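Step one of this worksheet: look at the structure below.
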């Protein structure tokens with residue numbers, strides 16, 4: 001049995017909506033949101049979706065990294081030394097899954113810059129789908145999944 | 001890379017021992033059924049009223065017993081069940097009874113795959129994961145805490161009188177008051193554990209809340 005649960009009910013081709021008691025959340029369609037990597041030799045590699053991202057198949061030598069969201073947003077990440085994107089998600093024991101953001105960790109000279117791409121919007125948060133929040137960290141992140149730039 | 005698969009598990013026995021499986025039910029541990037295609041299992045806090053307690057180790061589906069609002073202080077609701085629509089029955093979680101207690105392996109989450117953060121247990125009003133206005137989460141004038149006490153037990157058992165103020169414990173409510181289930185920012189192919197209970201404060205008004213329990217994490 002595939003135990004992966006659907007993110008929200010009534011998901012359509014563009015996005016999905018969660019109705020709460022006082023709030024309404026719109027979220028990107030995770031099946032139609034993915035990364036696009038371009039390499040130095042001009043080849044392009046597309047990711048799968050937000051469930052099975054496909055990042056493990058990305059090679060070193062990244063020339064550019066972009067994210068295409070189901071809502072049509074195309075988000076370009078600035079040129080950095082290396083990239084490590086992670087997906088922030090919540091699961092409830094009622095069978096819901098809500099995607100909050102993509103955190104693209106970027107290797108700069110002596111620090112980690114994090115580009116947080118917002119994947120949902122509601123009546124409370126000031127951030128909208130496709131917004132980017134940039135923060136800085138001196139904390140190293142160890143992972144074999146860092147992909148280095150060209 | 002791909003999302004990890006989480007199994008939400010609970011100890012159906014009175015033996016305080018760790019989960020030995022690799023996802024899904026195993027030994028004394030059952031799995032909370034989560035599904036968006038049918039009715040998922042729910043966690044039921046009950047007992048303490050006129051009839052004192054609901055029968056164990058299982059009870060009829062839909063069975064409830066009133067609980068108590070104390071005259072002073074707080075009253076821990078004495079029983080927790082997992083109500084299963086698929087099995088059409090309620091399963092008692094014996095180690096979660098009589099809280100606060102020192103039982104360690106009560107509830108858990110098995111992570112099949114890799115999480116690149118800690119796993120955070122949160123409670124919200126609903127599946128928008130955005131508000132905590134329900135009285136059971138926002139508390140009362142004299143008791144401004146969530147009634148849901150939770151403690152991380154992955155590394156050690158809790159103290160005998162633990163509550164949301166204890167070490168590695170919180171009163172579960174939203175993003176600010178959430179529980180780290182491992183205390184480390186990497187979890188891979190392993191189980192993490194916690195214990196929890198609901199404590200009714202003396203001035204809680206009558207309510208019929210159904211907050212949701214959620215788990216937040218990062219993956220590659």
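Reducing the stretch B:131-173 and the stretch A:44-92 to their Cα centroids gives an inter-centroid distance of 37 Å. The label-point distance for residue B:26 and residue B:208, in a model that sets each label 7 Å from Cα toward Cβ, rounds to 4.0 nm. Here the Debye sum runs over all C-alpha atoms of the stretch A:15-148 as equal scatterers in vacuum, and log10 of I(q)/I(0) at q = 0.16 Å⁻¹ comes out as -0.83.
When chain B is treated as a Gaussian network with alpha carbon springs shorter than 10 Å, the biggest mean-square fluctuation among B:102, B:116, B:132 belongs to B:116.
Normalising by residue count, the stretch B:70-123 has a Cα convex hull of 165 Å³ per residue. When Rg and Dmax are taken over the Cα atoms of the stretch B:145-220, they come to 13.8, 45 Å. Note on residue A:45 and residue B:138: with the Förster distance fixed at 51 Å, the Cβ-Cβ geometry gives a FRET efficiency of about 0.60.
Principal semi-axes of the equivalent ellipsoid, √(5λ) from the alpha carbon gyration tensor of the stretch B:46-180, are 24, 21, 17 Å from largest down.
Each label was represented as a point 7 Å from its Cα along the Cα-to-Cβ direction; for residue B:155 and residue A:124 these points are 3.0 nm apart. Where the centroid of each part is defined by its Cα atoms, how far is the stretch B:47-85 from the stretch A:119-149 in Å? Value for the Cα centre distance between the two parts: 43 Å. Approximating the spin labels as points 7 Å out from Cα along Cα→Cβ, the residue A:79-to-residue B:14 distance works out to 7.0 nm. The GNM of chain A, with springs linking C-alpha atoms under 10 angstrom apart, assigns the highest mean-square fluctuation among A:60, A:110, A:122 to A:110. The length gained on full extension between residue B:51 and residue B:88, counted as 0.36 nm times the residue separation minus their Cα-Cα distance, comes to 11.1 nm. Averaging 1/r over every pair of different alpha carbons in the protein assembly as shown and inverting the result gives a Kirkwood radius of 21.8 Å. Here residue A:150 and residue B:186 are evaluated by their C-beta separation; at R0 = 41 Å the FRET efficiency comes out at 0.90.
Every read-out reported here was derived from the displayed coordinates using simple, explicitly stated rules and does not represent laboratory data. Predicted model only: the values in this text are computed from it and were never measured. Glycine gets a Cβ as well: all are built from the backbone with ideal geometry, and neighbour counts include every protein chain shown.
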